[in-house]
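Below is one structure, written out as C-alpha cells; the observations come after it.
The values are calculated or read from the model by the stated rules, or taken from the named source; none is laboratory data. If you're wondering where the values come from, they're calculated on a predicted model, not measured in any experiment. Backbone-built Cβ (ideal geometry, glycine too); neighbour counts: all protein chains shown. Ligands, DNA and RNA are excluded from the accessible area calculation, which covers all protein heavy atoms including side chains. Shrake-Rupley method; radii C 1.70, N 1.55, O 1.52, S 1.80 Å.
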Amino acid sequence: MPVRMDKPWVPLNEESLATIASHLGVYQLANDAGEIVYIGVADARTLFGLKGELRKAIADPPGGATQFRVEVNMAYRTRHMELLQAYQHDYGALPVANTDIDPRILGRLRPAG
Amino acid sequence: MDMALSDEQRMIVDMVRRFVREEIVPLEDNLDPDADEVSPEKLAELVEKTKEMGLHGLDTPPEYGGPDINLVTRCLIAIECSQHRAGLYAPCYYAFGGARQAQLFEATDAQKDKYLHPMLRGEKRVFFALSEPSGGSDPGRAIQTRAVRDGDHWVINGTKLWISGADRADYGLLFARTGGPGRGGVTAFIVETEWEGFNVRRIVHTLRSAKYATEIQLEDLRVPHENILGEEGGGFAIANDRLSRQRVPYSAECLGVAIKAHEMAIEYAKIRETFGAPLAHRQGIQWMLVENEIDIRAAKLLVFDAAAKADRGEPYRTESAIAKLVASENSFKVVDRSMQIHGGLGVAKDLPLERWFREMRIRRVGEGPSEVQKHVIARDILNESLR
C-alpha cells in the first residue's frame, strides 16, 4: 500500500455515493483542480461509516470540495495519521479544511518520493 | 510464599483502581474504540493527578524523581492501569508517564544533561530502535545497520522496522553494527530525529491501533562520537538489559486485561439467558470460566514470582521469560473465551473485547515471541541446570 493515496477522484455527489458502502476507513476530498482540501476518517463512532461521512460532505462540502476518493481500512486511525503526516511533509501544512486536527498530535513523516 | 499485599500496596492498588474507574473509563465513552490518546490538555490534567498520587514516572528511579516502588508494586499498578479499553498499549493514556528509555540513566553526565533530563521533565520524546527487517528477536546477529567511523563522527546507513514513536520523538536510541558479526559488534547511539539522514518513511499498519510502529531509513546519518551510549561494542548488553527488565510489567499488563475480560464474561454469563436459563448454568460456559480463572491465577503467580526475585536482587531472566510466555499466552486465551461467551457482542466494537483480542494477539509476539521465550528458558535450564 503506497503511503500517499493515488486512486482516481470521483465526483462528490449522491450518484457516486451509491457505490460506497458503510465501511470504516479513510477518505480524501479535493476541489475541481484536484487539490486535496480535507483528509477524513470514518471511525467506529460513525453511524454509516464512509457513506455517512461523505453524505455529510455532500451536504456541506469542506473547503469547497467537489471530488472524493476512499480507502476501506480497519487500521483507519493509523492510516488517517499517515495520510495527514504525508500531506504535511509534502505541503508544509495540513489541508485547508482540516481545522479539526490539532497539529501537535502529528509526527514527522518523510515518505520517499 | 506470602502473596499478601502490604498496607501500602493495598492503598496504592485501591488508589489506582479508583483513578482508572473514575477518570479513565468514562473518557472512553466519547472516544473512538481504537483511540490511543487524549488531548494534550486532558493528558496534562491526568498527569497532575498521578503526580498528586506520587506515582508519576513509574519507571524512573527514585534518585531521578520517580516513585520509590519495587517491581512487585510496579506490577500491581500495571495490572490496574491496563483495565480499560486502550489499557494494553496505552495504559491510562500514559498519565503515569509514557515509555522512557531507562538506558539513558547509564549515560555520561553530558549526555544526561542533554538527553535524560529533558526526557524526565516531559519536554522531549524518545524512541528505541533495535529491530530491523532482518529480525528483532536476535539483535546480536540480525542487525545489519552499519556505522562507520569518520573522524569525530559515525556515519550510519540502514533500515529500522517496528519502531514505535519515532515520528513524534525528538531523539532516541539506535543500535548499529560498528564491528564484526555477533553481539560484540553492536553499538548504541543517541540520535536526534531532526538530523539530516534520519527519515521516518512510513507507518507500519497492524492489528494494533495504539502506539503504531514506523519504518526508519538511515541515509548517511552523521552522529557525533560523543553520542555513543556506553561503550563501543557494548550495545547488545544495553538492549538485552531493556528486554529482560520490560518483560515483567509487560506481562502484568496482559494480566490486567485478562482479569477485566474475565470479570465481564462472568457478569454476562449471569444475565444472558438462552433456552430458558442463564449462560452461567451451562456446563460448557462454566468450564470456560473455570479455565479463565486457572489461566489467570497461574500467570499471576509466575509474574509475581519473577518480580519478587528481581526485587530480591536474584537472577530473574528465566523467571521473566516464563512470566512473559505464560501471561501473554494465557491472557490471549482468556480474552478469546470471554469473547466467545459474549457471542456477537464480543466481536463488536461496542465492547472492548475485540480490541483486546487484536492487541493481545500482538503480545504473543512483542517483546520476544513465545518461541523466543522458550528458547531463553531452555538455554538457561540446560546450561545452568534446573534451579
Taking the condition of being more than 14 Å from chain A (Cβ to nearest Cβ), β-branched (V, I, T) and within 26 Å of the chain's Cα centre (by Cα), how many residues in segment B:210-244 meet it? 2
So B:K333 clears everything in (1) open to solvent by 40 Å² or more (accessible area, probe 1.4 Å); (2) in a helix (DSSP H, G or I); (3) out of contact with any Asp or Glu (no Cβ under 7 Å at 6 or more places or on another chain) except one condition, right? Which one? (3)
How many of the residues in segment A:65-113 are assigned to a helix (DSSP H, G or I) and within 9 Å of chain B (Cβ to nearest Cβ)? 10
Could you pull out the residue among B:V191, B:V200 that is surrounded by 15 or more Cβ atoms within 10 Å (Cβ to Cβ) and in contact with a Ser or Thr (Cβ under 8 Å, 6 or more places away or on another chain)? B:V200
Selection status of B:W154, within 14 Å of chain A (Cβ to nearest Cβ) and at pLDDT 95 or above: no
Filtering segment B:301-328 down to residues that are touching a Lys or Arg at 6+ places or on another chain (Cβ under 6 Å) and open to solvent by 10 Å² or more (accessible area, probe 1.4 Å) yields B:Y316, B:E319
Matching residues in segment B:64-104 - criterion: being small (G, A, S), without any contact (Cβ under 8 Å) to a residue 40 or more places away in the chain and open to solvent by 20 Å² or more (accessible area, probe 1.4 Å): B:G98
When segment B:1-43 is checked residue by residue, the ones that are within 12 Å of chain A (Cβ to nearest Cβ) and of a type in the set (G, A, S) are B:A35, B:S39
Tell me whether segment B:178-188 contains one or more residues that are surrounded by fewer than 17 Cβ atoms within 10 Å (Cβ to Cβ) and at pLDDT 95 or above. no
Taking the stated definitions as given, is B:A166 open to solvent by less than 20 Å² (accessible area, probe 1.4 Å) and within 14 Å of chain A (Cβ to nearest Cβ)? yes
Against the conditions (1) more than 14 Å from chain B (Cβ to nearest Cβ); (2) in a loop (DSSP other than H, G, I, E, B), where does A:L54 fall short? Just the number, please. (2)
How many residues, within segment B:1-36, are open to solvent by 50 Å² or more (accessible area, probe 1.4 Å), over 27 Å from B:K300 (Cα atoms) and modelled with pLDDT under 95? 2
Among the candidates A:R108, A:R69, residue that is in contact with a strand residue (DSSP E or B) (Cβ under 7 Å, 6 or more places away or on another chain) and without any contact (Cβ under 8 Å) to a residue 24 or more places away in the chain: A:R108
Note on segment B:191-209: residues within 9 Å of chain A (Cβ to nearest Cβ) and either among the hydroxyl-bearing types (S, T, Y) or in contact with a Leu (Cβ under 8 Å, 6 or more places away or on another chain) (or both) are B:T193, B:F198, B:N199, B:V200, B:R201, B:R202, B:I203, B:V204, B:T206, B:S209
It is to be established whether one or more residues within segment B:345-353 are of a type outside the set (F, W, Y), in contact with an Asp or Glu (Cβ under 7 Å, 6 or more places away or on another chain), closer than 22 Å to B:T274 by Cβ and outside any helix (DSSP H, G or I). yes
Condition test on B:I285, is it open to solvent by 60 Å² or more (accessible area, probe 1.4 Å) and not hydroxyl-bearing (S, T, Y)? no
Mind telling me which of the residues B:G235, B:G179, B:G197, B:G185 ends up being under 24 Å from B:Y316 (Cβ atoms) and in contact (Cβ under 8 Å) with a residue 24 or more places away in the chain? B:G235
All conditions in (1) surrounded by 18 or more Cβ atoms within 10 Å (Cβ to Cβ); (2) touching a helix residue (DSSP H, G or I) at 6+ places or on another chain (Cβ under 6 Å) are true of B:I216 except (2)
Find all pairs meeting these conditions: Cβ atoms under 6 angstrom apart; at least six residues apart or on different chains; first residue within segment B:108-137 and basic (K, R); second residue open to solvent by less than 60 Å² (accessible area, probe 1.4 Å). B:K124/B:P118; B:K124/B:D170; B:R125/B:R168; B:R125/B:A169; B:R125/B:D170
Among the residues of segment A:24-45, is any in contact (Cβ under 8 Å) with a residue 12 or more places away in the chain, open to solvent by 20 Å² or more (accessible area, probe 1.4 Å), hydroxyl-bearing (S, T, Y) and more than 20 Å from A:R108 (Cα to Cα)? no
